[in-house]
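**Q** Below is the structure I would like to discuss, written out as structure tokens.
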Amino acid sequence: MENFIAYNPTKLHFGKDVMDGLGSALKEFGSRVLLVYGGGSIKRNGIYEKTIHQLKSINAEVFEYSGIKPNPIIEDVDNATELGRKNKVDVILAVGGGSVIDSAKIISITIPVSHTGWDFYSGKAQPEKAIPLISVLTIAATGTEMNPFAVIQNKKTQQKLGYGHDLIYNKHSFLDPQNTFTVPRDYTAYGIADLVAHCHEAYFGEGNASLSDRLVFSINKEAIDYGKDLLENLDNYDLRAKIMYAATMALNKSTMPGRVSGDWGVHSIGHILSLLYDTPHGASLTIVIPAWLKFHKEIIPERIAFLGKNIFGVNTADETITAFENFFRSIDCPIRLRDISAGNESKKEILKLMNLNKVSGVNHKLTDQDRAEILNLFY
Ligand code: NZQ
Ligand code: ZN
């Protein structure tokens, strides 16, 4: 077991009607608020009104930036940064999913410096301080509500990259499972897939940490035991709550103590599919996980089988892979490239971008040859 430091400064407000406390949380930091949100779901489901009610209750001056896209792009980060800078905002309020919150995280460190958002990704800039960030999470998936990571896409450089820094933790995150009732069936499933993938990345990371492994099994089992039921009962509070909490736990560093690192090979490959085909994040991962496992089954058969035994009750690496495929199918996620309408002709462009981005795991490193072999298993 490796040495570790446990640190997580986000105050998580979880449960029914927790948004009632949003105004007072915002007030801690000031009254000039940059409100960031996505393509309009919050206007259709009433979360926008609830947010504005809270802002009015503290007489906030609000500057709105809307239109953050799923698979968020750096241009929106820079435009919202401009708005925040010009109006000297005291605090940022992100209302949405991972795309909105990740964008807000980078906006929070870009406003105080004379750099663009991408400069943090390219290594040209280091954050000096951050405008305080508060989030209302509306979809269970990424764990961004309680972690120091932000993933942004840059079409010009053909990259979708993650960035991590302690300054980008949310100060407060508000998670009311009722706010996720309107998440459509497909995105609900992609969120479940994402949390399973975060368990995968932790488990296949470097280091020997049995308690962290057991947490991975428990979180995974929440997804496996309740995910399918949730898809049949999209407005069931308890099922929404279980999945929402599981998604937070899957990537708030709880599964990391004692490990050297996670792996992240599956994610780095998945990001290529999102870049090329705008594939929703979770849907990209359910295509990659079976292929990644098949490629690694001769290299780490026991490790794969141990995961399968603990979450599906199966005995071998092959059975584990089949169980994952069956589970992803059961929640209507794609497991082959053809499921997202990308045929054989896609092979060349995917491989080109995989190699250009040198996609790899931190623990299980991938060569050009490995990438080509994994890609063959997508079909
Ligand atoms: O844009 P709006 O109109 O709000 O609609 C969104 C979007 O179309 C919709 N939605 C969200 N809440 C809803 C809702 N629709 C109805 N009712 C609601 N309550 O759902 C769609 C997807 O939203 P998005 O924010 O893109 O989803 P998600 O939370 O899955 O975030 C995905 C992004 O996060 C990154 C992914 O790569 C991707 O870019 N990730 C971030 C991580 C992190 N920061 O730690 C880790 C992850 O591995 C991941 O890479
Ligand atoms: Zn993910």
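The values are calculated or read from the model by the stated rules, or taken from the named source; none is laboratory data. Note that the structure is predicted; figures quoted are calculated from it, not measured. Backbone-built Cβ (ideal geometry, glycine too); neighbour counts: all protein chains shown. Just so you know, the surface numbers come from the protein's heavy atoms only, side chains and all, with ligands and any DNA or RNA stripped out. Shrake-Rupley method; radii C 1.70, N 1.55, O 1.52, S 1.80 Å.
**Q** In segment 269-297, which residues are farther than 15 Å from ILE335 by Cβ and within 11 Å of ligand 2 (Cβ to nearest atom)?
**A** Residues satisfying the conditions are HIS271, SER274, HIS281.
**Q** Can you confirm whether segment 291-305 contains a residue that is of a type outside the set (Lys, Arg), closer than 23 Å to LYS160 by Cα and open to solvent by 60 Å² or more (accessible area, probe 1.4 Å)?
**A** Taking segment 291-305 as the starting set, the residues that turn out to be of a type outside the set (Lys, Arg) are 291-293, 295-296, 298-302, 304-305.
Next, from what is left, pick out any that are closer than 23 Å to LYS160 by Cα: 291-293.
Then drop every residue that is not open to solvent by 60 Å² or more (accessible area, probe 1.4 Å), which leaves none.
The answer is no, given that none of the residues of segment 291-305 is of a type outside the set (Lys, Arg), closer than 23 Å to LYS160 by Cα and open to solvent by 60 Å² or more (accessible area, probe 1.4 Å).
**Q** So which residues in segment 98-118 are open to solvent by 20 Å² or more (accessible area, probe 1.4 Å) and part of a helix (DSSP H, G or I), if there are any at all?
**A** Matches in segment 98-118: SER99, TRP118.
**Q** Only residues that are basic (Lys, Arg) and at pLDDT below 95: list them for segment 111-155, please.
**A** Within segment 111-155, just LYS155 meets the criteria.
**Q** On to the next question. Where residues in segment 205-237 are within 16 Å of ligand 1 (Cβ to nearest atom) and assigned to a helix (DSSP H, G or I), which of them is surrounded by the fewest Cβ atoms within 10 Å (Cβ to Cβ)?
**A** Selected residue: TYR237.
**Q** Just checking, which of ASN59, ASN79, ASN87 is at positive phi, away from ligand 2 (no atom under 16 Å from the Cβ) and assigned by TED's automatic domain parsing to the domain that holds TYR121?
**A** Unique residue meeting the criteria: ASN59.
**Q** I would also like to ask the following. Looking only at residues in segment 169-204 that are part of a loop (DSSP other than H, G, I, E, B), open to solvent by 10 Å² or more (accessible area, probe 1.4 Å) and in contact with an Asp or Glu (Cβ under 9 Å, 6 or more places away or on another chain), which one is farthest from ligand 1 (Cβ to nearest atom)?
**A** LYS171
**Q** Collect the residues in segment 23-34 that are assigned to a helix (DSSP H, G or I) and either within 16 Å of ligand 1 (Cβ to nearest atom) or open to solvent by 10 Å² or more (accessible area, probe 1.4 Å) (or both), keeping them in residue-number order.
**A** Across segment 23-34, the qualifying residues are SER24, LYS27.
**Q** Further, regarding this structure: When residues of segment 141-156 are filtered for being near ligand 1 (Cβ under 6 Å from one of its atoms) and within 17 Å of ARG240 (Cβ to Cβ), how many remain?
**A** Initially, segment 141-156 is screened for residues near ligand 1 (Cβ under 6 Å from one of its atoms), giving 141-144, 147, 149-151.
Retained after the next criterion (residues that are within 17 Å of ARG240 (Cβ to Cβ)): 141-143.
Total meeting the criteria: 3.
**Q** Looking at segment 35-73, which of the residues that are open to solvent by 10 Å² or more (accessible area, probe 1.4 Å) and hydrophobic (A, V, I, L, M, F, W, C) is nearest to SER268 (Cα to Cα)?
**A** ILE73
**Q** Can you pull out the residues in segment 266-315 that are aromatic (Phe, Trp, Tyr), under 30 Å from ASN71 (Cα atoms) and modelled with pLDDT of 95 or more?
**A** TRP292, PHE295
**Q** Then there's this: When you go through LYS155, LYS160 one by one, which is the residue that is surrounded by 19 or more Cβ atoms within 10 Å (Cβ to Cβ) and charged (D, E, K, R)?
**A** Values: LYS155 fails: surrounded by 19 or more Cβ atoms within 10 Å (Cβ to Cβ).
Being surrounded by 19 or more Cβ atoms within 10 Å (Cβ to Cβ) and charged (D, E, K, R) holds for just one of LYS155, LYS160, which is LYS160.
**Q** Working only within segment 326-361, note down all residues that are surrounded by fewer than 18 Cβ atoms within 10 Å (Cβ to Cβ) and within 22 Å of ALA202 (Cα to Cα).
**A** If the condition is that a residue be surrounded by fewer than 18 Cβ atoms within 10 Å (Cβ to Cβ) and within 22 Å of ALA202 (Cα to Cα), then ASN326, LYS358 are the ones that fit.
**Q** Continuing with the same structure: I'm checking my understanding of the structure. Among residues of segment 119-137 that are within 16 Å of ligand 1 (Cβ to nearest atom) and either more than 30 Å from THR188 (Cβ to Cβ) or basic (Lys, Arg) (or both), which one is surrounded by the fewest Cβ atoms within 10 Å (Cβ to Cβ)?
**A** Per the criteria, the residue is PRO127.
**Q** Next question. When you scan segment 256-285, how many residues do you find that are in contact with a helix residue (DSSP H, G or I) (Cβ under 9 Å, 6 or more places away or on another chain) and away from ligand 1 (no atom under 13 Å from the Cβ)?
**A** Residues flagged as in contact with a helix residue (DSSP H, G or I) (Cβ under 9 Å, 6 or more places away or on another chain) and away from ligand 1 (no atom under 13 Å from the Cβ) within segment 256-285 amount to 5.
**Q** Hey, can you tell me all the residues within segment 309-321 that are crowded, with 16+ Cβ neighbours inside 10 Å and either of a type in the set (S, T, N, Q) or within 19 Å of TYR226 (Cβ to Cβ) (or both)?
**A** Within segment 309-321, ASN310, ILE311, PHE312, THR320 meet the criteria.
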